[in-house]
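Notes for the one structure printed next.
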Amino acid sequence: MKIVTIATIAAVGFAAPVLAADLPVNPSYPAAGAVFSWTGCYIGAHVGGAVSEDKTTNIFGHSIDFSSAGFLGGGQLGCDYQFSSKWIVGMEGRAAATSLKKLSPGDCNELSKPGNGSGSIYAQ
């Protein structure tokens, strides 16, 4: 009798989850994420420093040091347009400048001229 009671309790206990499987299920689908686009304009800046160490010795044993240190900085701006999922067109302009000095040897002395900047505009 004890075995029948235990078997009945076990059968009812294991059958309970089976009844839950007959309940209607409301599927919930994840929401679609926003589609990413590269269309838009941007602006940016960059800063940094530079150190140059160079030493030259001529055939007479005279050494000239071309070492220099300075600041670098500039910026960029542009606009892009994405007209399909795989094609993007755009324009960007960049400019940069430095306080680095360029040293170059003369006959027996060094000539110093200020560093210059650079800029570019290009389509991408």
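The values are calculated or read from the model by the stated rules, or taken from the named source; none is laboratory data. Predicted model only: the values in this text are computed from it and were never measured. Cβ: placed from backbone, ideal geometry, glycine included. Neighbour counts: every protein chain shown.
Listed here are the residues, each with its yes/no results for (1) surrounded by 12 or more Cβ atoms within 10 Å (Cβ to Cβ); (2) in contact with a Ser or Thr (Cβ under 9 Å, 6 or more places away or on another chain); (3) modelled with pLDDT of 80 or more.
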site: Val47; (1), (2), (3): no, no, yes
site: Thr56; (1), (2), (3): no, yes, no
site: Asp80; (1), (2), (3): yes, yes, yes
site: Ser85; (1), (2), (3): no, no, yes
site: Gly93; (1), (2), (3): yes, yes, yes
site: Leu111; (1), (2), (3): no, yes, no
site: Ser120; (1), (2), (3): no, no, yes
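Which residue, of Ser67, Ser37, is modelled with pLDDT under 85, of a type in the set (Ser, Thr, Tyr) and either within 30 Å of Ala123 (Cβ to Cβ) or surrounded by 10 or more Cβ atoms within 10 Å (Cβ to Cβ) (or both)?
Only one candidate passes the filter, namely Ser67.
Give region 32-64 a look and list any residue that's closer than 21 Å to Trp87 by Cβ and among the hydrophobic types (A, V, I, L, M, F, W, C), or say none.
Ala34, Val35, Phe36, Trp38, Cys41
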